[in-house]
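Notes for the one structure printed next.
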Amino acid sequence: MKIARVESYVAEQVLETPFFFSQFGFDRRQICLVKVIAEDGSYGWGEGYGPAGVVQAGVEFLAPLVIGEDPLGVEAIWNKMHLRALDYARRGVLVASMSAIDIAIWDLRGKLLGQPVSVLLGGRRREKVKVYATGMYFVDSDDLIGKLVDEARSYVAAGFKALKMKVGLGVETDLRHVRAVRKAIGTEVELMVDANHAYSRSEARSFADQIEELDIGFFEEPLSPEDYEGYSELRGRTRIPIAGGECEYLLAGFRQLLSNQCVDIAQPDICGAGGLTETKRIATLARAFQTNVLPHSWGTGIAFAAGLHLVSTLDPLPGRLRMPDMMLEMDRSENALRDNLTSPQFQVEDGYVAVPKAPGLGVDVNPEQLARFARGG
Ligand code: CA
C-alpha cells in the first residue's frame, strides 16, 4: 500500500466576538488541515499549528516526498521529510507542515492496522485523560473582571477541575484578574496562568511572588521563549512550577529548553513541534530530564485527539503507587471549526475526556462542513 495523494485545506471562521491575549488579537480562526490518501482510498487527517496559509505552502513543498511511500513507515517518512527540510526548518512553520502530514499518516496507519493511535504509540496507561479548560482571554469590555469570573464559573459548572487564564497585560491588572477568579472558583479547582511571554524578568519575578499565595498550578510562558537564562533564573526562585515550550520545535529545540533547566512542565504542540513522531521522542527526552510533558493544544478535534492519544500513553514523573493525572489542554475559546468540522465531539465528564477507541485518531472531518469553512469556498 502506498500513499497516493496529499490534500490540504485552509478552513476559516470569522469570529462572532473578537478576542485578544497579551500579544495580539483574533478576529478569525484559520487552520490548515491535511488529508493523506492511500491507493485504496483510505485516508488520515492531520493539522498544523500556526499561520494556516504558510502551513499549507509547506505541505505542498513536502507532499512529493510523501507520495509513493508506505504509510506504515511513518517514522521513515518523518526522517525523510526532516532531512529535506532541515536547511530551512530547524524551527518554525515548515515544522508545523511536517507535523500535519505526520499526524495524518499516524491516523491512516492506525486505520490500516485497525488500531487506535495510542496503541501504536506504545499502549495506553489510562482510558480517559484529565483536561483543563483554556479560556479567559481578553475582550474589550467595561467589566472585563466580571466577564472573566463568569467564564471561570461556567467551566467549573461544566465539570472542569482545572482552568487556565490569560495574563500579561501588566502585573497590577493581572493580579486583580487572578485574585478575582481564584476567589470566584474557590480553592478546590486548579488554576493556572499563561502570560504568552509578555513579562520582563523583573515583572515575572514580581508577579510570581505575589500569586504564590493563590495556589497556582503552573505559570506558563512568563518570558520570551528565547530567554533560556531568564526561565532558569525564575524557576530557581519561585515555588510555582514553570511551564513552556509551545514556541519550541523539534527534539533539538526541547533539548535546549530542558538542558537549560527552564521548565518544570514541557508543552510541545503536537501540530507544531514535529507531529506525533517527534513529540513522542520529545516526551522520552523530557523523561531523561525528569520533566513532565503536558502538550499545548489549540485547534480542531484532530489536534485534540492527537493529544488525547499521546497523553494516554505517558506516565507522570516521579512514578508512585497513586500517581497524579497527566493533563491535556482543552481550548474553550470561540472556535466553530473545532465545534463543527470534526466528529465526534469530545465530551467532558467530571473533568475527563475518554480516549477514542476507533482505529487511527478516532475523528473524521465532515466534508460538508469543510466545504462550508474552506477559505474561498
Ligand atoms: Ca499558552
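Can you work out which of the residues in segment 177-216 that are within 22 Å of Q23 (Cβ to Cβ) and in a strand (DSSP E or B) is nearest to the ligand (Cβ to nearest atom)? Only one residue fits best here, namely D194. In the condition set (1) within 30 Å of M323 (Cα to Cα); (2) open to solvent by 70 Å² or more (accessible area, probe 1.4 Å), A152 is compliant with all but (2). Restricting A303, A286 to those that are within 16 Å of the ligand (Cβ to nearest atom), part of a helix (DSSP H, G or I), under 20 Å from R91 (Cβ atoms) and of a type in the set (G, A, S) reduces the list to A303.
Can you name the number of the only condition in (1) touching a Leu at 6+ places or on another chain (Cβ under 7 Å); (2) part of a loop (DSSP other than H, G, I, E, B); (3) modelled with pLDDT of 95 or more that G68 fails? The failed condition is (1). For segment 313-337, a tally of residues being more than 16 Å from the ligand (Cβ to nearest atom) and of a type in the set (K, R) returns 2. Within segment 255-276, the residues that satisfy the criterion of being surrounded by 24 or more Cβ atoms within 10 Å (Cβ to Cβ) and away from the ligand (no atom under 16 Å from the Cβ) are G274, G275, L276.
To keep it simple, each residue is scored yes or no on (1) open to solvent by 10 Å² or more (accessible area, probe 1.4 Å); (2) free of Cβ contacts under 8 Å to residues at least 40 places away in the same chain; (3) closer than 16 Å to R5 by Cα.
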position	(1), (2), (3)
V55	no, no, no
V59	no, no, yes
V66	no, no, yes
D70	yes, no, yes
K80	yes, yes, no
G92	yes, no, no
A96	no, no, no
I101	no, no, yes
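Only residues that are in a loop (DSSP other than H, G, I, E, B) and open to solvent by 10 Å² or more (accessible area, probe 1.4 Å) were counted across segment 103-141, and they come to 12. Of the residues making up segment 322-377, those that are crowded, with 19+ Cβ neighbours inside 10 Å and among the small types (G, A, S) number 4. In segment 160-176, the qualifying residues are those that are among the hydrophobic types (A, V, I, L, M, F, W, C) and part of a helix (DSSP H, G or I), and the one that is surrounded by the fewest Cβ atoms within 10 Å (Cβ to Cβ) is L175.
The values are calculated or read from the model by the stated rules, or taken from the named source; none is laboratory data. This one's a predicted model, so the numbers in the text were calculated from it and none came from an experiment. Using ideal geometry, Cβ is built from the backbone for each residue, glycine included, and neighbour counts are taken over all protein chains shown. Areas reflect the complete protein model, heavy atoms only, side chains present, ligands, DNA and RNA absent. Shrake-Rupley method; radii C 1.70, N 1.55, O 1.52, S 1.80 Å.
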